[in-house]
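Please treat every number below as a calculation from the coordinates, not as lab data. Model, not experiment: these values are computed from the prediction. Virtual Cβ from ideal backbone geometry, glycine too; neighbours counted across all protein chains shown.
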Amino acid sequence: MFLYKIEIEMEEATGHLIVLAETDEKAFETVDSQLERHYVKMPVLKSAAIVEKKRTTSGSGYFIPHQL
C-alpha cells in the first residue's frame, strides 16, 4: 500500500488529496468519490496529478504548508 498526494485542479480552486491505495490506478479511481464527499455540488475537475508517493509504514504522513 502507498500514500499518494494528488494535486487536484478544479475550475475555481486547487487542492491536494491524500489517499491510501495499492496502485496508481486505484488512487486515481478514488478522486471523484473523495471530492463528492467534500462538496455538496460536484465541481468540474480539470486535472489530477500524483505529486508524491510513499510506501506506508508506521508514522507515514504528509505536511502540507498553508499557502498565502
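Descriptive notes on the structure:
- Think of each Lys and Arg Cβ as +1 and each Asp and Glu Cβ as -1; about the Cα centre, that makes the dipole of the chain roughly 280 debye.
- The equivalent ellipsoid that matches the C-alpha gyration tensor of the chain spans semi-axes of 21, 15, 10 angstrom, in descending order.
- The stretch 2-55: relative contact order as a whole-number percent, Cα under 8 Å and 6+ apart: 51 percent
- Förster radius 22 Å - calculated FRET efficiency between Glu9 and Ser60 (Cβ-Cβ, nearest 0.05): 0.30
- In order through the stretch 3-12: 3J(HN,Hα) via Karplus (6.51 cos²θ - 1.76 cosθ + 1.60), integer Hz, x for Gly, Pro: 9, 10, 10, 10, 7, 10, 10, 10, 4, 10
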